[in-house]
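Single-structure report; data block below.
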Amino acid sequence: MSWRRPGPVSGLGLGLAAGLLLLALASIGALIGAAGTGYDTASHTTGYIRHVAGFTFFQAALSAILALALALPAARACWRRASSWNTNLLILFAFLPVVMPTTVAATGLIGVWGQRGVISQLLQSAGAPPLPPVYGLGAVLLAHVFFNAPLMLRILAGALGGIPQAQWRLAAQWGLSDLERFWKIEWPSLRRVIPGLLALVFLLCFTSFSLVLMLGGGPAVTTLEVSIYTALRFDFDLPMAGKLALLQLMICAGVVILLTMLTGQSWAGAAGRTGQTVPQRGDNAIATRAVDGMILMIFVSVTVLPLFAILWRGIGPQLVAVLAWPAFWQATLTSLAIALLSGLLATGIALVLATARSRRAVAGLAVWPLDLAISLYLAVSAIVLGTGIFILLRTVADVFLLAPLLVLLGNMLVALPFAYRILEGRLASLAAAQDRLCAALDIRGWRRFRLVTLPALAPEIGYAAGLSSALSLGDMTIVALFGSQQFQTLPWLLYQTMARYRAGEAAALALWLLGLTLLLFSVFVLSAKLAGRRNHA
Amino acid sequence: MLEIRGVSFTRPGGLSFSYDITVAEGEILAVQGPSGVGKTTLLDLIAGFEYPDSGSISWNGSNFLASPPWERPVTTVFQSDNLFTHLTCLENVRIGLPSIKRDDHAAINAAFTRLGIDGLQNRLPDAISGGQQQRVALARALLRDKPVLLLDESFSALDWPTRQGCFDSLREITETRQMAVLFVSHDERDSTHLGCKSLQLTA
C-alpha cells in the first residue's frame, strides 16, 4: 500500500510512448525493407559505404577532440577570470550556438574564414594573399568546433563551478601550482563529465547534415547523412538510402547507449557556473594572464567572430533587396508556423511523458518504456527518421504534398528528446521536494499540476518550448528531404541562395533567420518566466 | 484522543521501531531523543507517509491507518521545504486550506498577526528568513483545523525569544481548540518552556 499513486497521466504517457515507439519501429522497418530490396554486394557499393562511414566516424571523432582541446583551456581560463565581465559575457555568448541555425553558422563562418571574409580582407590590406576557399574537411571541422566548443565550455565551466569552495581555498592556502591544481582539484571533477561530453559531441557531429552539405565542398567530404540525402533525392536509390540509414542508426544507437552509460540521464541539463572563484597562486602573473588572454582570443575568433560577421555582412542594401522577395515572406511565414507548432507540440508531449515518468518513478513503477521511446529518437537522427517516413509513405501518398505535415512531425520528433530531458530533470526534483507537502495539504491531481507544478516548472517549459522552436526554425535536414519550390522554409531558401553564390543576400537572410530564432526563443523563455513569477493560488 | 497502539515498523535496512503512545485533546507531547531513534519515523507513521508492519493508529477510537495522508485528521509542519517558492506567503497559506476557508481573509490575517509575521503576506518565501518561513507554515497548519498537529523540529531555525513567542501561541491554540500536538525537538528547553510531557525515545 502506498500513498504515492501514478494517476491517469501515467496511462496517457504510456500510450504516447507506445505511439512513438510504433512510429520509430515502422520507420526502421521501412528502412530494413528498402535495404533488402535489390541487395547489392558489388565491391564498389561496399567500398563506397565503407568510405563514407569511415569518413563520418573520422570527422566526428576529430571534431569532438578539437572542440575539447579548445574548450578545456578556455573553460579553465574563464573560471580563473570568472569575476571579469568579459569572461561572463563569453559564457553568455557561448549559449548562442545552441539555438543558432546551422545554415546561419555556415554563412557566418564563410564571412570570417572565406576567401572574401574578414580575415582575408585583413590579410589583403596587409599585403598578404587571401585565405583559400573555406570548403572541405577543414571547413567542416571548423564549423563543428564553432558549434560544440561553446557547449563544452559551458558544461566544463559548470563542472569547475561544482567543485566545493573549500577545495579551492585549500589549494590557495597550500599554494598549489597550476598543474598541481589541475590534477588534484579540477581533474577529478572534469573527468566525470568529459567522457559523456565527448560522446555527445561525437554524436552531434556524426549526425551533422547541413554543415557538411554546405561546407563539405564535394563527394570526397561526405557523411552518412549527406549520402542518404543524395541517394534519396538525387539518385532515388532507395536500397542504398535504406542501407546507409540503417548503418547510421546502428552506430548512433551504440553511441546513445554509451552516452547513457557514461552520463545517466543528465546530459541535457548540466551547464552554468555555480561556485565562486578563489584567487590562486600565480593567477595574476603576467605569463598566466597572457596565456589566458591568448586562449580566450582564439576561442573568441572561432566562436564569436562568425556572429559579428553575420551582423556586419547582413545589414545593408542586400537586406532591403531580400525583403522584396515574395519567396522570402512565404518562407518566413512557413518557418514561423512550423516552428511554433512543432515547438509547442514537442513541449506538450514531452511534458506529458516527463510527468508520467515522474509519477511512475515515485510510485515505484517501471519507467523504461518512456525512456526507451525518447532515447530511440536520439538515436534515430532526423535524416534517418525522414528517410523511413519517406519510404513508408511514398506508396500510399504523395510525400511532397504532405511536406508541411511531415516537416512539422519530423521537427517535433527531433526536438522531443531535448524538451523531455529539460522537463524530466526538473520534475524529478520537484517531486522529491513537494510530494509529501502536497499529500499533507491534500493538493492532488489536476489542482496540484495547475497550482504547484506548472508555475514552478514554467521556466523549464519556456526553455523547452523556446529550444524546440529554435531547433525547428533552423532545421534544414527534414526540409531537404521533403522541400520543393512550392514548399520552402527560411533555412532552405538560405541554402539555395548560397548555392547560387549570392553571398550578400545569403548574409541578409542569415541575419534575418538568426534574429527570428533569437526572438522566438526569447519570447518563449521570458513569457514563461513571467507566467511562473505571478501565479495566484 | 490520539492513540498509537502496538505499532511496529521496520526500515528497509532492518532497523526496527515500536511505539505505544497516547496524546489527549489539548495536550502537547514533546518527542525527544538522539538522532536515528525514530522520532521523524513516528510522525511519518501518523501522517501516513510510512505504513507500520502492525498495530493501529486512531483518533477518538477511529483507526485511520487505511487512509491516505490527505484524508487523515492530521496536519504537519516539516523540518524544511514547507513552502512553495513560487507562491507568496499568503498564497502558500491559502493553497493548503479547504476551499471554504480560502477567502476568510480575517482569519488568515489574524494567524499572521498572532505568529508575528504580519506584513509578510505578499512576500515570496525566498525573501524572508528561515524562521519566518516556518511560522508561515505553522499559520497554515493551524488554519487547517485538523485535530492532530505534528511538528518535526519546526522551530529549530528560530532564535530563542521568537521560539518562546511561537510556543506561547501554540500552547494557547492547543488548549482553545483541544488539539493533540506531537512535537519533535532536540532542545530540552522546549518542553520545559511549554510545560508539556516529554517522551524520550532510545535506541
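For the stretch A:227-243, the residues whose backbone nitrogen is under 20 Å from a point 7 Å from the Cα of A:THR395, taken along Cα to Cβ, are A:232-233, A:236-243. Taking a straight Cα-Cα cut-off under 18 Å and skipping sequence neighbours fewer than 8 places away in the same chain, the aspartates and glutamates within cross-link reach of B:LYS197 are B:GLU3, B:ASP20, B:GLU25, B:GLU27, B:ASP152, B:GLU153, B:ASP168, B:GLU172, B:GLU175, B:ASP187, B:GLU188.
Quick one: if the Förster radius is 35 Å, what FRET efficiency do A:GLN330 and A:VAL98 give, using the C-beta to C-beta distance and rounding to 0.05? Could the numbers behind the result be given before it?
Values: r = 28 Å, r/R0 = 0.80.
According to the calculation, E is roughly 0.80.
Full extension of the chain segment joining A:TRP183 with A:LEU519 gains 116.7 nm, where the gain is 0.36 nm per residue of separation less the Cα-Cα distance. Neighbour counts of other Cβ atoms within 10 Å put B:ARG135, A:ARG448 in the fewest-to-most order A:ARG448, B:ARG135.
The modelled label-to-label distance between B:ASP20 and B:LYS101, using points 7 Å beyond Cα along the C-beta direction, is 3.5 nm.
Which order results if A:TRP325, A:TRP174 are arranged by neighbouring Cβ count within 10 Å, fewest first? Can you show the working numbers first?
Numbers: A:TRP325 14, A:TRP174 11.
Fewest-to-most Cβ neighbours within 10 Å comes out as A:TRP174, A:TRP325.
Only helices enter this figure: runs of n ≥ 4 DSSP H residues, each worth -39500 (n - 2.57), summed and divided by the residues of chain A, yield -25000 deg cm²/dmol at 222 nm to the nearest 500.
Sorting A:LYS243, B:LYS146 by the number of Cβ atoms found within 10 Å of their own Cβ, with the fewest placed first, yields B:LYS146, A:LYS243.
Hey, what did chain A get for relative contact order, percent, Cα under 8 Å, at least 6 apart? Before the final figure, lay out each step's value.
Values: 770 pairs, mean separation 134.9, N = 537.
Relative contact order of chain A: 25 percent.
Here, each number is a calculation from the coordinates, and none is a lab measurement. A quick note: this is a predicted structure, and the numbers were derived from the prediction, not measured. Heads up, the Cβs are rebuilt from the backbone with ideal geometry, glycines too, and the neighbour counts pull from every protein chain shown.
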